[in-house]
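Visitor: Let me begin by handing over the structure; questions about it come next.
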Amino acid sequence: MKSIEKIDVREVRRKLGMNQQQFWSKLGVTQSGGSRYESGRNIPRPVQQLLRLVHIEQIDIARIRREDYEVVEYLKATDPEKFKNLKKLARTSMRKSA
């Protein structure tokens with residue numbers, strides 16, 4: 001997968017049919033901050049990751065709860081092989097349902 005820095009963020013926003021306010025507010029970024037990123041300013045890594053999750057992967061981050069994240073981190077730390085297998089099964093399941 002391409003790094004967000006290599007992707008034309010303005011083009012992603014336009015393809016989604018969103019104005020800057022709509023696009024950037026989903027990430028907690030102001031319109032003026034997003035405008036600076038679209039004009040070439042480096043996007044901080046946390047914002048890059050949120051952008052990927054929200055606008056590329058289409059994940060509704062409002063539905064992610066802290067305990068969900070804690071379970072994922074616990075499973076990755078204690079049984080990485082099981083985590084890897086579950087991740088693969090989830091992806092396969094999502095593709096079949098789409």
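Throughout, read-outs are computed from the coordinates displayed, never taken from laboratory work. Everything numeric here is computed off the predicted structure, so don't read it as measured data. Glycine gets a Cβ as well: all are built from the backbone with ideal geometry, and neighbour counts include every protein chain shown.
Visitor: So which of VAL29, VAL47, VAL72 ends up being within 21 Å of MET94 (Cα to Cα), free of Cβ contacts under 8 Å to residues at least 24 places away in the same chain and not charged (D, E, K, R)?
Guide: Of the residues listed, the single one that is within 21 Å of MET94 (Cα to Cα), free of Cβ contacts under 8 Å to residues at least 24 places away in the same chain and not charged (D, E, K, R) is VAL72.
Visitor: If you go through region 84-96 one residue at a time, do you hit one that is out of contact with any helix residue (DSSP H, G or I) (no Cβ under 6 Å at 6 or more places or on another chain) and surrounded by 13 or more Cβ atoms within 10 Å (Cβ to Cβ)?
Guide: yes
Visitor: Within region 39-78, can you find the residues that are surrounded by 10 or more Cβ atoms within 10 Å (Cβ to Cβ) and among the basic types (Lys, Arg)?
Guide: ARG41, ARG45, ARG52, LYS76 - these are the residues of region 39-78 that are surrounded by 10 or more Cβ atoms within 10 Å (Cβ to Cβ) and among the basic types (Lys, Arg).
Visitor: Let me ask something else about it. Which numbered condition trips up GLU38, out of (1) touching a residue at least 12 places away in the same chain (Cβ under 8 Å); (2) within 23 Å of MET94 (Cβ to Cβ)?
Guide: The failed condition is (2).
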